[in-house]
Protein chains: 2
Amino acid sequence: MSPFEQIDAYLESHLDESIAELSQLVAQPSVGAQNWGMKECAALVAGMLRKRGFTAEIMPTGNEFGEGAPVVLGERKGKSDKTLLFYNHYDVQPAEPLELWETPPFEPSLREGKLFGRGVSDDKGHIVSRLFAIDALLNELSELPCNVKFIIEGEEETSSLHLHDFVRQNKERLKADACIWEFGGVDHEETPIQYLGLRGICYVELSLETASTDVHSGLGGSIFPNAAWRLVWALNTLKGPDERIRIPGHYDNVKPPSARDRELMAALPETANEYMTRYGLKNFVRGLSGGVELRLAEVFEPTCTICGLTSGYQGSGSKTVQPAQASAKVDFRLVPDQTPEEILAKLRAHLDAEGFEDVQVEYLGGEPAARTDPDDPFIKLVVETAGEVYGAPMQLVPLVGGSGPNAPFIHELGLPVATAGLGYPDTRAHAPNENIRIDLYLKHAKHMARLMVEFGK
Amino acid sequence: MSPFEQIDAYLESHLDESIAELSQLVAQPSVGAQNWGMKECAALVAGMLRKRGFTAEIMPTGNEFGEGAPVVLGERKGKSDKTLLFYNHYDVQPAEPLELWETPPFEPSLREGKLFGRGVSDDKGHIVSRLFAIDALLNELSELPCNVKFIIEGEEETSSLHLHDFVRQNKERLKADACIWEFGGVDHEETPIQYLGLRGICYVELSLETASTDVHSGLGGSIFPNAAWRLVWALNTLKGPDERIRIPGHYDNVKPPSARDRELMAALPETANEYMTRYGLKNFVRGLSGGVELRLAEVFEPTCTICGLTSGYQGSGSKTVQPAQASAKVDFRLVPDQTPEEILAKLRAHLDAEGFEDVQVEYLGGEPAARTDPDDPFIKLVVETAGEVYGAPMQLVPLVGGSGPNAPFIHELGLPVATAGLGYPDTRAHAPNENIRIDLYLKHAKHMARLMVEFGK
């Protein structure tokens, strides 16, 4: 019997226990945006590391944005002197809108081979599945095949406001040879995907106040400024129905996809029908219909997304009021080589130039895009070990639409960063009924166990 | 001692009891938009009428919009055969945003000569103050000087969806010689105002759905339609920063103010500084700064007001989500001779023509504008009797910015409709900290007692 057969057998026979441990972690809310349960969750995660013989330290964070959620650092020595660093996060997105959940978001529910709950996929399932792989290695080999470090932060869902500084300040403790990112998974054809880069982000809240109090709309309607209207007009100057961002200079630093990028994107499967069905869409924007052009637009285009609008009366029926306040949450996804600082400055200048000096811009966080070379040897190793588990070659994706704080790992620590994980297209991260498939949870643990063995050689 | 001296003395010595009765009525929530406490409030009002020897009937309403809140009809015979009809409403606006109230909206609070609470001014204070005048007349004269009828509806704050039909169906029971409207009051110089007409209204909710579920903004941002963005773009086609409504034909039926209207508007006091201070404004729209032009714009211009915006994430911090749904509450104020049916049809045609067929328009109610002749004898009587109480001549205002269902009273019942009331500029109707001044409450009761005596002659 090969060591991998024994390791796989261990994982298969201990799966229920691991899912129970994951359920316990999901049941602990840790909503960063609402500052709900963060310290409790960090303590729970540190306890899980210590149970496996890791040193685990809960470290405070803070910078000019104020105090942050603590980071959990864990470390355990292994046989070889090579070090693998896992980046994860214990915070989750808000669960709202609550009424769309089939079972309560913080009461994990197992049905039809899936576990449902807020954060079960993003990112608690990844944390516990990796610990599960470590359990198997320790049980079968009595030691880890390589040094393993964990950095598990609490602000990934709120733009990792303090992580960049934390990494810079703890370079020595985070020293490693390679990094496995918080997520990964298979596409709708069950092909495991290697995401080689992440878009950046610049998240802002636009708000304004036109009066000291709401006013009866019969009085103010003709002659008083209306905060909701001014917000609509200000937003309308940011992006038009042609989806082109109208902020002057917004596209100046956009680097178009290279020939290698286009080659990798062309090799990816068609996603158009899958998206249409899954999300109940009637169309894509800008006349896109599918093919490599849809895939390139999905990730190589900067975005300006309204994530939320708030003003005036939002209850049932009618209320005849002219709102004094209005606000919008706006998320700019950045492509190489845009930076959040640059985008923020251009946004402010644009609003001022358009006569919207009264629109306040609050920066809620951001990070630049960052990418790993598709031909790095560590990427090759992650791809090969996945092939054994998934029975399909891992597909290389040069850039992905989402964001994350990979820039400090790539640029400060100098690490190749590979993705691997238990995600799948219907995992509903950030949405109601977030879930993981149990079969993919097991596969990810098997993959990580193999990777640590081969990496240690 | 003249009968008015005795009546006034009665009102002054029984003021506390009347305020206690009003407090009881305000403590009973009756938020039509939230269907909260409506039947209980109707029963309370009917009981107050019966206590004064009125017949009082709680009558159901309903039409093609469904079942409505009940109407309370009250009647008591008097000495003369002339009949005065009071129109009031027992429903109130929603109290949100609750956090801006200094004391809870449904726990009436008396301080600094004012009574605070939701509905205390609009319109419960008017109901109880008029009943208070009747108490004084019955006490001093043993009978009413004229027949008095009350129609007290429960849908004024939700566009009186069923009142027009109700009036048409109960013409005989509502037969009268003149009507006193639900509101009135003094301006910021303590001058009592006679409002001779009301703008109409067409209140709609615009909503759309671009996907079956919210999507992570990293995925959908570049290629999926975003409900919030489509709402912003659709709204932007309705009115531009120049405040001109862009719906084709919207101004076709607007009748400009007549020479008599301009004469009456020119005689009104300046309001610009008062508005700036009271509502904390930095400017008016369209470069208006004051004078008769500001006053004409305030009421003779049709409006398009966003009363509320709702989409996506509205909590604290950031959530990176692309919303599948978005909606806006929009209130069009109508001037003579616009009608809600016409405006609704033009809005739909415009949205379709602009490519916003996906924006749903839900009609939440409306009514046309209606006006009473400034030279009607009943208006003269209301003005004269006010002069005795307020010590200042009543000022005639040809049209007011707010709306109300005066059209069926003027056009179906053929009544002159006059306003009189306890309002004042800081009464905060529809806003947090709604309040009345106790001195004006007393004056309104004195005015109504005089009016009934003179009207009966």
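The values are calculated or read from the model by the stated rules, or taken from the named source; none is laboratory data. Remember, it's a predicted structure, so these values are computed and weren't measured experimentally. Here Cβ is always computed from backbone atoms with ideal geometry, including for glycine, and neighbour counts include all displayed protein chains.
Values as computed for the structure displayed
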quantity	calculated
Within the stretch B:403-415, tally of residues that are more than 14 Å from chain A (Cβ to nearest Cβ) and either touching a Lys or Arg at 6+ places or on another chain (Cβ under 8 Å) or surrounded by fewer than 22 Cβ atoms within 10 Å (Cβ to Cβ) (or both)	6
Single unsatisfied condition, A:Arg437 versus (1) away from chain B (no Cβ under 14 Å); (2) surrounded by 22 or more Cβ atoms within 10 Å (Cβ to Cβ); (3) within 24 Å of A:Asp91 (Cα to Cα)	(2)
Residue that is nearest to B:Ser129 (Cα to Cα), among those in the stretch B:1-51 that are in a loop (DSSP other than H, G, I, E, B) and over 26 Å from the mean Cα position of the chain (by Cα)	B:His14
Elements of type strands (runs of 3 or more DSSP E) in the stretch A:55-136, at least 2 residues being in contact (Cβ under 8 Å) with a residue 12 or more places away in the chain and over 17 Å from the mean Cα position of the chain (by Cα)	A:55-63, A:66-76, A:83-89, A:114-116
Yes/no for B:Ser18 being within 30 Å of B:Tyr363 (Cα to Cα), surrounded by 20 or more Cβ atoms within 10 Å (Cβ to Cβ), modelled with pLDDT of 95 or more and polar (S, T, N, Q)	no
A:Leu137 being under 30 Å from B:Gly317 (Cβ atoms), crowded, with 21+ Cβ neighbours inside 10 Å and hydrophobic (A, V, I, L, M, F, W, C)	no
Helices (runs of 4 or more DSSP H) lying entirely in the stretch B:247-315 (those with 2 or more residues that are of a type outside the set (Ser, Thr, Tyr), within 13 Å of chain A (Cβ to nearest Cβ) and touching a helix residue (DSSP H, G or I) at 6+ places or on another chain (Cβ under 9 Å))	B:291-300
Tally, over the stretch B:305-343, of residues that are free of Cβ contacts under 8 Å to residues at least 12 places away in the same chain and surrounded by 24 or more Cβ atoms within 10 Å (Cβ to Cβ)	3
A:Arg230, sole failed condition from (1) out of contact with any helix residue (DSSP H, G or I) (no Cβ under 7 Å at 6 or more places or on another chain); (2) in the same structural domain as A:Ser30 (by TED's automatic domain parsing)	(2)
So A:Glu157, is it acidic (Asp, Glu), outside any strand (DSSP E or B), under 15 Å from the mean Cα position of the chain (by Cα) and at the interface with chain B (Cβ under 9 Å from one of its Cβ atoms)	yes
Hits in the stretch A:192-212 - residues which are more than 30 Å from A:Pro374 (Cβ to Cβ) and part of a strand (DSSP E or B)	A:Val204, A:Glu205, A:Leu206, A:Ser207, A:Leu208, A:Glu209
Enumeration of residues in the stretch B:224-246 that are closer than 30 Å to A:Gly423 by Cβ and in a loop (DSSP other than H, G, I, E, B)	B:Phe224, B:Pro225, B:Asn226
Count of the stretch B:30-54 residues which are in contact with a helix residue (DSSP H, G or I) (Cβ under 7 Å, 6 or more places away or on another chain) and touching a residue at least 60 places away in the same chain (Cβ under 8 Å)	7
All positions within the stretch B:243-266 that are of a type in the set (A, V, I, L, M), over 24 Å from the mean Cα position of the chain (by Cα) and more than 29 Å from A:Arg230 (Cα to Cα)	B:Ala259, B:Ala266
Residue match in the stretch B:212-220 (condition: closer than 25 Å to A:Ala227 by Cβ and free of Cβ contacts under 8 Å to residues at least 40 places away in the same chain)	no
Unique match (being in contact with a helix residue (DSSP H, G or I) (Cβ under 6 Å, 6 or more places away or on another chain) and either more than 7 Å from chain B (Cβ to nearest Cβ) or not in a loop (DSSP other than H, G, I, E, B) (or both)) among A:Glu182, A:Glu189	A:Glu182
Qualifying residue in the stretch A:334-350 (condition: of a type in the set (Gly, Ala, Ser) and touching a Lys or Arg at 6+ places or on another chain (Cβ under 7 Å))	no
Single residue of the stretch B:217-238 satisfying the filter (surrounded by fewer than 24 Cβ atoms within 10 Å (Cβ to Cβ), more than 7 Å from every other protein chain (Cβ to nearest Cβ) and not β-branched (Val, Ile, Thr)) that is farthest from A:Leu281 (Cα to Cα)	B:Leu238
Any hit, the stretch A:213-223, residues being in contact with a His (Cβ under 7 Å, 6 or more places away or on another chain) and not in a loop (DSSP other than H, G, I, E, B)	yes
Checklist (1) in contact with a strand residue (DSSP E or B) (Cβ under 7 Å, 6 or more places away or on another chain); (2) away from chain B (no Cβ under 14 Å) applied to A:Val389, failing item	(1)
Residue in the stretch A:347-358 that is more than 10 Å from every other protein chain (Cβ to nearest Cβ) and closer than 30 Å to A:Phe455 by Cα present	no
Breaking point among (1) among the hydroxyl-bearing types (Ser, Thr, Tyr); (2) within 23 Å of the chain's Cα centre (by Cα); (3) surrounded by fewer than 17 Cβ atoms within 10 Å (Cβ to Cβ), for A:Ser289	(2)
Residue within the stretch B:158-167 that is on the phi < 0 side of the Ramachandran plot and at pLDDT 95 or above present	yes
Residue check, A:Leu440 among the aliphatic types (A, V, I, L, M), part of a helix (DSSP H, G or I) and assigned by TED's automatic domain parsing to the domain that holds A:Val92	yes
So A:Ala326, is it more than 7 Å from every other protein chain (Cβ to nearest Cβ) and of a type in the set (Gly, Ala, Ser)	no
From the options A:Gln395, A:Gln360, residue that is surrounded by fewer than 24 Cβ atoms within 10 Å (Cβ to Cβ), polar (S, T, N, Q) and within 21 Å of A:Phe332 (Cα to Cα)	A:Gln360
Residues within the stretch B:55-113 that are closer than 20 Å to B:His126 by Cα, hydroxyl-bearing (Ser, Thr, Tyr) and buried (at least 18 other Cβ atoms within 10 Å of the Cβ), tallied	4
Qualifying residue in the stretch B:183-201 (condition: closer than 30 Å to B:Gln360 by Cα, assigned by TED's automatic domain parsing to the domain that holds B:Gly47 and out of contact with any Gly (no Cβ under 9 Å at 6 or more places or on another chain))	no
